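J.: First, the structure itself, so that you have it in front of you.
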Amino acid sequence: MTEFLVGFDGGGTGTRVRVTTLAGELVGQGSGGGANIAVEPVLAWRSLRQAFAPLRAELPASARLWCAAGLAGTEAADARGRFLSARPDDMPEMALVTDAHTSCLGAHGGADGAIVAIGTGSVGFALSHDPNGTRLTRRVGGWGFPQGDEGSGAWIGRQAVGAMLQAHDERIQSDALTEGVRQALAAEGDPMAWAIGRRAAEFATLAPLVVSRAARGSGHAQAIMRAAAAEIEAHATALLKPAAFASLPLCLLGGLGPVLEPYLSVRWRHLLRPPCGDSVDGALLLARLHRTTSMEQSEGQPT
């Protein structure tokens, strides 16, 4: 029987999947919509199916699939159970952890390490082992928008909208950022009311505007970027505070990671390591571990 590893990564704005052989050879990859299981578990399954269905059609019908997924929202109470119970019949069973967990696994190639991931949301996550070999995990942030996700794309977009509103009121002086935000939001209606009912992913669409205006010298944009970097440093400081995690290597991940890195203090920039891989790589590592564990359990059962 042919076996394959399948790794999923799903966040607020998109889903990725990669299929490999047991030897690690790439078979195929795909993408789909957002997959936050705490917000919309049914939509998350739809996104996973959208990403995986074309690949599944190319695999042998008799193939054994070892699947794992790192999905946003998994840490929310009851979200995991609700999501797994809604699994469509045409989707395989899978090991499930947070996308922060698989990001950390991928960044450090399965070894102990820490990450701060900054995309639509933000989260710090670390994996370590105690002297007895017990695996320890620690998470900082990742509490969702608007109550958390400080320093993220959604948070940056929210700050930009706030600056635009303050400039409208003449509480602060208008500049290239506040005018750029006003023009961008006016294309969809009244910019003063744009934020009402908007989701994190929609606020995050404004982050590139903040980044570009900061590069062109906007004082308001640069202040937002510096504040975002300070939030990321706060995540990292708390993440590595316990002795069990203090000496771990740290990676800065996510689409905004490279953009925010220049705004970090020299100390943190010097501590950063380049990642070995991404969250999908981490999911594939987890899928391989799931296979190994299942095989060992099967071999240990009486015949």
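The values are calculated or read from the model by the stated rules, or taken from the named source; none is laboratory data. Quantities reported herein were computed from a predicted structural model and do not represent experimental measurements. Positions of Cβ are backbone-derived with ideal geometry, glycine not excepted, and every protein chain shown enters the neighbour counts. Accessible surface areas use protein heavy atoms only, side chains included; no ligands, DNA or RNA. Shrake-Rupley method; radii C 1.70, N 1.55, O 1.52, S 1.80 Å.
J.: List, please: which pairs have Cβ atoms under 7 Å, are six or more places apart or on different chains, and start with a residue in segment 41-58 that is at pLDDT below 95 and end with one that is open to solvent by 80 Å² or more (accessible area, probe 1.4 Å) and among the aliphatic types (A, V, I, L, M)?
T.: No pair meets every condition.
J.: Can you find even one residue in segment 223-235 that is within 27 Å of Thr15 (Cα to Cα), more than 19 Å from the chain's Cα centre (by Cα) and of a type outside the set (D, E, K, R)?
T.: The answer is yes; a qualifying residue exists.
J.: While we're looking at this one, here's another question. How about segment 238-268: which of its residues are in contact with a helix residue (DSSP H, G or I) (Cβ under 9 Å, 6 or more places away or on another chain) and among the β-branched types (Val, Ile, Thr)?
T.: The one that is in contact with a helix residue (DSSP H, G or I) (Cβ under 9 Å, 6 or more places away or on another chain) and among the β-branched types (Val, Ile, Thr): Val259.
J.: Restricting to segment 1-57, what's the tally of residues that are crowded, with 18+ Cβ neighbours inside 10 Å, touching a strand residue (DSSP E or B) at 6+ places or on another chain (Cβ under 6 Å) and of a type in the set (D, E, K, R)?
T.: Here the count works out to 3.
J.: While we're on this one: Would you mind finding the one in Ala214, Ala244 that is not in a helix (DSSP H, G or I) and not charged (D, E, K, R)?
T.: On the way: Ala214 fails: not in a helix (DSSP H, G or I).
Answer to the selection: Ala244.
J.: Condition check: surrounded by fewer than 20 Cβ atoms within 10 Å (Cβ to Cβ), in a loop (DSSP other than H, G, I, E, B), aromatic (Phe, Trp, Tyr) and under 26 Å from the mean Cα position of the chain (by Cα). Does Trp143 satisfy that? Write out each step before concluding.
T.: On the way: surrounded by fewer than 20 Cβ atoms within 10 Å (Cβ to Cβ): yes; in a loop (DSSP other than H, G, I, E, B): yes; aromatic (Phe, Trp, Tyr): yes; under 26 Å from the mean Cα position of the chain (by Cα): yes.
It is true that Trp143 is surrounded by fewer than 20 Cβ atoms within 10 Å (Cβ to Cβ), in a loop (DSSP other than H, G, I, E, B), aromatic (Phe, Trp, Tyr) and under 26 Å from the mean Cα position of the chain (by Cα).
J.: To continue, here is another question. Quick check: anything in segment 245-268 within 21 Å of Asp149 (Cα to Cα), basic (Lys, Arg) and open to solvent by 40 Å² or more (accessible area, probe 1.4 Å)?
T.: Pass one, segment 245-268, residues within 21 Å of Asp149 (Cα to Cα): 250-265, 268.
Filter once more, so that each one left must be basic (Lys, Arg): none.
No: segment 245-268 contains no residue that is within 21 Å of Asp149 (Cα to Cα), basic (Lys, Arg) and open to solvent by 40 Å² or more (accessible area, probe 1.4 Å).
J.: Report yes if some residue within segment 198-211 is without any contact (Cβ under 8 Å) to a residue 24 or more places away in the chain, more than 19 Å from the chain's Cα centre (by Cα) and open to solvent by 40 Å² or more (accessible area, probe 1.4 Å); otherwise report no.
T.: Yes, there is a match, as at least one residue in segment 198-211 is without any contact (Cβ under 8 Å) to a residue 24 or more places away in the chain, more than 19 Å from the chain's Cα centre (by Cα) and open to solvent by 40 Å² or more (accessible area, probe 1.4 Å).
J.: Taking segment 58-92 as the search range and keeping residues that are over 20 Å from Glu3 (Cβ atoms) and among the hydroxyl-bearing types (Ser, Thr, Tyr), which one is surrounded by the fewest Cβ atoms within 10 Å (Cβ to Cβ)? Spell out how you get there, then give the answer.
T.: Restricting attention to segment 58-92, the residues satisfying the condition of being over 20 Å from Glu3 (Cβ atoms) are 70-89.
Remaining after also requiring among the hydroxyl-bearing types (Ser, Thr, Tyr): 74, 85.
On the way: Thr74: 21, Ser85: 8.
Only one residue tops the list, namely Ser85.
J.: Check Gly180, Gly148 and return the single one that is outside any helix (DSSP H, G or I) and either touching a residue at least 12 places away in the same chain (Cβ under 8 Å) or surrounded by 15 or more Cβ atoms within 10 Å (Cβ to Cβ) (or both). Can you show your working first?
T.: Values: Gly180 fails: outside any helix (DSSP H, G or I).
Criteria check complete, one pass: Gly148.
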